[in-house]
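Beneath this line is the structure, given in structure tokens, with notes to follow.
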Amino acid sequence: MSDFLQLIISGLSTGSIYALAAIGFTLLWQASQTINFAQGEFVMVPAFFILIGSRVLGLPFPIAIGFGLAVAVFTLGFVFKRLVIQPMLPHGHLPIVMATIALAILMRELVKEFYSAEAQTFPALFSEQTFDVFGAVISHQDIGNLAVSAVAIIALQLFLGRTRTGRSMQATAQNPGVAEILGVNVQRMVLYTFMINAALATLASVLISPIYLAKFSNGEPIGLVAFLAAIVGGFNQVRGALVGGLLIGVIDNLSAAYLSSEYRIAGPMILLIVIILLRPQGLLGTSEGRTV
């Protein structure tokens, strides 16, 4: 029982990080009907921005995190939206899909070529000490990651629901035409969404890099799991992405422990198939009508 509890808490911790990346998928889809297949690389790259700030520029680690966040929000938010997505939007979804896949490959190769192909250690925000809960060994890092992710998601929900800008972003996501008639600067709201996605990806990078190290190959598995989480929870609902991330984190941990680490992705994939067959819109998603 203690081992099971330990696996659940560890899975929730990892799943909360997946949820941050999955929420990014959801936000971009709501704002501009964009699926960013470079989302995993958006989580991978900020760790290297931070390492550059810390190791190359000699900044203290907390300031290096701020430096990495600023660079990520500018490049992965502002530049990505203006130079990659905006020119592609009039041409439909397929060019955006191809462009983001190409961008993911480019980002991996750039990190490997200009920083290092070797995995890099990354400082942890929390100590590696553990404590016992009903016999289960729980690490400070797991609790810290879960707490930071929870605070970030709650803050995002409060921002979207309680601030004028957040409500304008939601109005843009629901009906951009009506929002524009009501005086909302739709393009600015969409840009804010891309920048928030970059900030969430940076936070996920800071939390997950001490666990899996900072390496150029991290993006592909993280992006895949986050995409699965967004689909399972409901691609058009932030709370769905949260539930999907937590659920997949737990199932991934249980699969690795009770089946085999080689087949740990099998559990989430089976869950995805079941969800698609029984509830295609996801656990908490809503059906979207389409005119043909």
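Values in this text are rule-based calculations from the coordinates and carry no lab data. Source: prediction; values computed, not measured. Note that we place each Cβ from the backbone using ideal geometry, even for glycine, and neighbour counts take in every protein chain shown.
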Quiz item: If one computes the Cα centroid of the stretch 14-42 and of the stretch 139-206, what distance in Å separates the two points?
Solution: 11 Å
Quiz prompt | the stretch 1-61: proportion of alpha-carbon pairs further apart than 14 angstrom, % | solution = 70 percent
Quiz item: Over all distinct alpha-carbon pairs, what is the Kirkwood Rh of the stretch 190-270 in angstrom?
Solution: 13.7 Å
Quiz item: Hey, got the Cα dimensions of the stretch 1-108 along the principal axes, in Å, largest first?
Solution: 54, 41, 23
Exercise. Taking amide H positions as placed in the peptide plane 1.01 Å from N, state which residues far from Gln120 in sequence (5 or more) or on other chains have amide H under 5 Å from it.
Key: Ala214, Lys215
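For the chain, compute Rg over Rh where Rg is the Cα radius of gyration and Rh is the Kirkwood radius from the inverse mean 1/r over Cα pairs. Could you put the intermediate results ahead of the total?
Working: Rg = 18.9 Å, Rh = 19.6 Å.
Answer for the chain: 0.97.
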Exercise. Please identify which residues in the stretch 230-264 have an amide N closer than 19 Å to a label point set 7 Å out from the Cα of Thr163, following the Cα→Cβ vector.
Key: 238-239
Practice problem: Quote to one decimal, in nm, the extra length available between Leu106 and Arg188 on full extension: 0.36 nm per residue of separation minus the C-alpha distance between them. | Solution: 26.8 nm
Self-check item: Footprinting exposure proxy for Phe42, Phe48 (fewest neighbouring C-beta atoms within 10 Å first)
Solution: Phe48, Phe42
Quiz item: From largest to smallest, what semi-axes in whole angstrom does the stretch 146-200 give when each is the square root of 5 times an eigenvalue of its alpha carbon gyration tensor?
Solution: 24, 11, 7
Quiz item: Binned at 5 Å from 0, what are the whole-percent values of the Cα-Cα distance distribution for the stretch 25-165, short to long?
Solution: 2, 8, 12, 17, 17, 16, 14, 8, 4, 2, 1, 0
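Hey, what D do you get for the stretch 95-167 in µm²/s if you plug the Kirkwood alpha-carbon radius into Stokes-Einstein at 37 °C and 0.692 mPa s? Show your work: numbers first, answer last.
Details: Rh = 16.6 Å.
The estimated diffusion coefficient comes to 198 µm²/s.
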Practice problem: Quick one: which residues, 5 or more positions from Val133 or on another chain, have an amide H under 5 Å from its amide H? H modelled 1.01 Å from N in the peptide plane, none for Pro or chain starts. | Solution: Ile138
Quiz prompt | Difference of contour (0.36 nm per residue) and Cα-Cα distance, Ile143 to Met269 | solution = 42.7 nm
